[in-house]
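One structure is given below, encoded as structure tokens.
The values are calculated or read from the model by the stated rules, or taken from the named source; none is laboratory data. This is a predicted model, so every value here is computed, not measured. Positions of Cβ are generated from backbone atoms using ideal geometry, with glycine treated the same way; all protein chains shown enter the neighbour counts. Remember, those area values only see protein heavy atoms, side chains included, never the ligands or the DNA or RNA. Shrake-Rupley method; radii C 1.70, N 1.55, O 1.52, S 1.80 Å.
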Amino acid sequence: MRITFVHKTANFSGGNRVVATYAERLQARGHRVCVVSAPDPRPRPLRTLLNRVKGRTFPVGDGRSWLDALPLEHRVLDRARPVRAEDLPDADVIVATWWETAEWVAALPPEKGAPAYFLQGVEWTIDDMPRERVKQTWRLPLHKIVIAEFMADIARAEFGDGDLSHVPNAVDTALFHAPPRARNAVPTVGFMEVGPLAIKGGDITRAALLLAKERVPELRAVCFGRSAPPPARALPGWVDFHVSPTPEALRALYASCDVFVHASRAEGFGLPLLEAMACRTPVAATPAGAAPELLPSGGGTLVPHDDPAALADALVTLATLPPDAWRARSDASHARATGYTLDDATQRMEAALQRAREKARTGAYARASARGDAGPAPELAETLRQAAPETTPELAETLRQAAPETTHGPRGASSAAPTVLRGVVPRAQLETIARAVADCPVSAWSMSGSDAARDSSAPGSSAGGGRTALPPHDSSAPGGSAGGGRLALPPHADQPRWLLTGALPSEAAALLRELAHPTCVAALEDALARAPVHGGPNTTGGTTASTTARGSGVSAATTRLLLDPLGREQGVFDGGTAALRRSFTVHHDEPPLVRRATLIVPLADGAVALSSLGEDAVHRCTLRAGDLLLVPAGLDHLLHTRGLRALLLPLYTADVEPDGLPRLRERSAPEHPGSTRARAQQALSQRMQALAADRARMLARARERLLGVY
């Protein structure tokens, strides 16, 4: 395989060492490996000064890394910036190794390789990281490769992705090893200087050592790190500190200890644990990273987080065990660390990359809206796969008029017309759903889709999440029959109302789960990719067509739909009888997620009307129960929903174009003096265009109210 690893920066960090090890071993197995990285960002004097005042020091890279001595192709960018397609070789697999690189990789064209995401930690727990943005990278259509079981649990429970690869780290036993040995006569504790990051638990380690020193006065300690701590965090004089030891010196340090302490509050794996265990040193650690997987075999002791007293008890106990008991712990540590080798890990990594290729070839990515095991593919997937999308010239023209909102881009960009898939859902199934919805208690309904979407998680909200409960209704009232797929309408039925996910009857929830199944979403993507895309007038006065799927709700960069991954807007919508024009969606664009369309599953035969932006024309689309209608984002703001009763599912894409304005700490000097002014002028121009679009939209709404649309 041709394999590309993408680094944020190349240095001597533990995560970089793991990647360098895999890159070297994969190349030794006959694969062609390339590593691409950006240089360290330029240091900013003001930020450096503030960090010094706060007592926080961070090592600055000098351009060297674990890759320097390896026979690998290593490409370094000209400056700290996102990776672009032209920076990379064509490959079979491309692997992101950090959350920002995941955004870059997701935006690359397919020829750069099947995308994979090598997750070496839960990065949103790191200080100063943009929590929500980092979480969104776990929703990207990248094959996840995790190093610890707790990360696999997070991917399954919180992001619904059970199709991932678990590749635990392994230790290089040729480098980290030690012969059987006895406990030291003077109890010796080892630990790593982890710097100012709170999640690393350096404060807990120091507090525990001081408590242990009070109990065992002869206790000594050895410590290592990339740089000496500043005076504000100076180590006690009885701690022997080593700056950036060589691998051989580090092995000797591990082997000189009776116990190794690891007190992280959060960790991806905790490779120093495994290295110490390979050198026959028992470990006292908090349950972070892979510690819960490594220590139950007898190689150490787990202690609670943020409990210096418990950590001091554990390290004193291990460091003062009777010789035979300590020797048993030492041997158990060595057996656990060496029972899973680097060859085993490399073989697993190779299989994970092959799985990424397979998923890219078949489109079998797990969707973020799924929860737990998706189970076997429903019959609906095959029906979707065989359905032929259709559009009409009228609907295409409607979308052309609404293009400024629909495309999320410049005027004149290509856009897909609303797409209809005929006869996908069995009518009998929808009639059952309609009857079940009619029997829902009135308190489950909410009057405003916007309020319901915002308040679905608010304390004291109703089961449906809305703030306004409707009065009791009479299902036997005229026009309120639940038969034939019609909803029984309560009083105030002239107003639009919602049933959100928490209040849906089981029949409706089951259909939503089927639609969210990975095979259904893949089939839907295939259908949308075949739909005509409007690209403006052609020479014959008609419209041009394209197979590009961006306008259909599928990102051209990633071609992967996400069915309401935010879980806040899907449910049953009833448009009422008095609504003129209704936006039934609330746009929650959270980069890199972008709203692209809304999927409408009508519960009964009817029609929807689509009005064009700035024009008086209204176009109708006839729908039968069982059809699916995909309305592109922007145009769903112009949808006339009077009488519409349907299941609605917002669709997003992971639209992660390389960021032209990287985060402040990554910015380099302007390329020319006018760059800032040009950027401001461009922002002003975009703002004026948005204001003009808002004005046109307001005028169109006024015309509709004056002229009438039904």
- Restricting the search to region 310-321, which residues are closer than 28 Å to Glu123 by Cα and open to solvent by 10 Å² or more (accessible area, probe 1.4 Å)? Ala310
- Message: Quick check on region 311-319. Is at least one of its residues outside any helix (DSSP H, G or I), more than 34 Å from the chain's Cα centre (by Cα), of a type in the set (Ser, Thr, Tyr) and within 16 Å of Pro187 (Cα to Cα)?
- Response: no
- Boolean, Val186 is in a loop (DSSP other than H, G, I, E, B), buried (at least 20 other Cβ atoms within 10 Å of the Cβ) and not hydroxyl-bearing (Ser, Thr, Tyr): no
- Query: Which pairs do you get when a residue that is crowded, with 17+ Cβ neighbours inside 10 Å, found in region 206-235, comes within reach of a residue that is among the aromatic types (Phe, Trp, Tyr) and part of a loop (DSSP other than H, G, I, E, B), reach meaning Cβ atoms under 7 angstrom, with the pair 6+ apart or on two chains?
  - Reply: Arg220/Trp238; Ala221/Trp238
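Results for (1) in contact with a Ser or Thr (Cβ under 6 Å, 6 or more places away or on another chain); (2) at negative phi; (3) surrounded by fewer than 24 Cβ atoms within 10 Å (Cβ to Cβ); (4) of a type in the set (A, V, I, L, M, F, W, C), shown as yes or no for each residue.
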{"position": "Arg265", "(1), (2), (3), (4)": "no, yes, yes, no"}
{"position": "Ala288", "(1), (2), (3), (4)": "yes, yes, no, yes"}
{"position": "Pro296", "(1), (2), (3), (4)": "no, yes, yes, no"}
{"position": "Pro323", "(1), (2), (3), (4)": "no, yes, yes, no"}
{"position": "Arg327", "(1), (2), (3), (4)": "no, yes, yes, no"}
{"position": "Leu342", "(1), (2), (3), (4)": "no, yes, yes, yes"}
- Task: Count, please, the residues in region 360-381 that happen to be under 17 Å from the mean Cα position of the chain (by Cα) and modelled with pLDDT of 75 or more.
- Result: 0
- Item | So Leu273, is it under 15 Å from Pro187 (Cα atoms), of a type outside the set (Lys, Arg) and in a helix (DSSP H, G or I) | no
- Task: Go through region 236-252 and give me each residue that's within 20 Å of Ser330 (Cβ to Cβ) and either in contact with a Phe, Trp or Tyr (Cβ under 6 Å, 6 or more places away or on another chain) or open to solvent by 50 Å² or more (accessible area, probe 1.4 Å) (or both).
- Result: Arg251, Ala252
- Item | Filter result for Arg131 (charged (D, E, K, R), at pLDDT below 95, crowded, with 18+ Cβ neighbours inside 10 Å and out of contact with any Ser or Thr (no Cβ under 6 Å at 6 or more places or on another chain)) | no
